[in-house]
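Down below is the structure, laid out as structure tokens.
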Amino acid sequence: MSEKSVFTRILEGEIPSEILYQDEHCFVIRDIAPKAPTHLLLIPKKPIPKLSDATEEDRELLGHLLFTAKKVAQAAGIGDAFRLVINNGAGAGQTVFHLHLHILGNVQMSEGSLAL
């Protein structure tokens, strides 16, 4: 069995973190190394290592994550001016191998302006 990710450990209360939003499928925390004034992480409770590991059975969960990102952005006061980023694999900058979406806002963004 593989080691639990930091996100699973946060969800299980082993690592303290303020959970800003939670439902039966996912939860949201602040990024500890923010790249924008608002930088939230939307994390599925199901531990999928990376997006390319998702299966057909994860289709509904993936849609739920996108819809939830919209709701979380609105609740965080960034409305419809936000960027979603998913790093897939070490070569793309993924450091925690538990799928998560970066929700970034409250910064003026242009194409290529924000490296994660």
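Read the figures in this text as sums done on the coordinates, not as results from a lab. Keep in mind the model is a prediction, meaning the values are calculated, not measured.
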Inset, instruction - Note the angle between two axes, namely the Cα long axis of helix 59-75 and the longest principal axis of the Cα atoms of the chain, as a number of degrees from 0 to 90, rounded to the nearest 10. - result: 40
Inset, instruction - Apply the Karplus parameterisation 6.51 cos²θ - 1.76 cosθ + 1.60, with θ equal to phi minus 60°, to every residue of segment 91-97 and state each ³J(HN,Hα) to the nearest whole Hz, in sequence, with x for glycine and proline. - result: x, 9, x, 6, 10, 10, 8
Legend entry - Residues whose placed amide H lies under 5 Å from that of F27, excluding near-sequence neighbours: I43, K45
Inset, instruction - Using only C-alpha atoms and all pairs of different ones, pull out the Kirkwood radius for the chain in Å with one decimal. - result: 14.6
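Using alpha-carbon pairs under 8 Å, 6+ residues apart, how would you state the relative contact order of the chain in percent? Before the final figure, lay out each step's value.
Numbers: 155 pairs, mean separation 33.7, N = 116.
Across the chain, relative contact order equals 29 percent.
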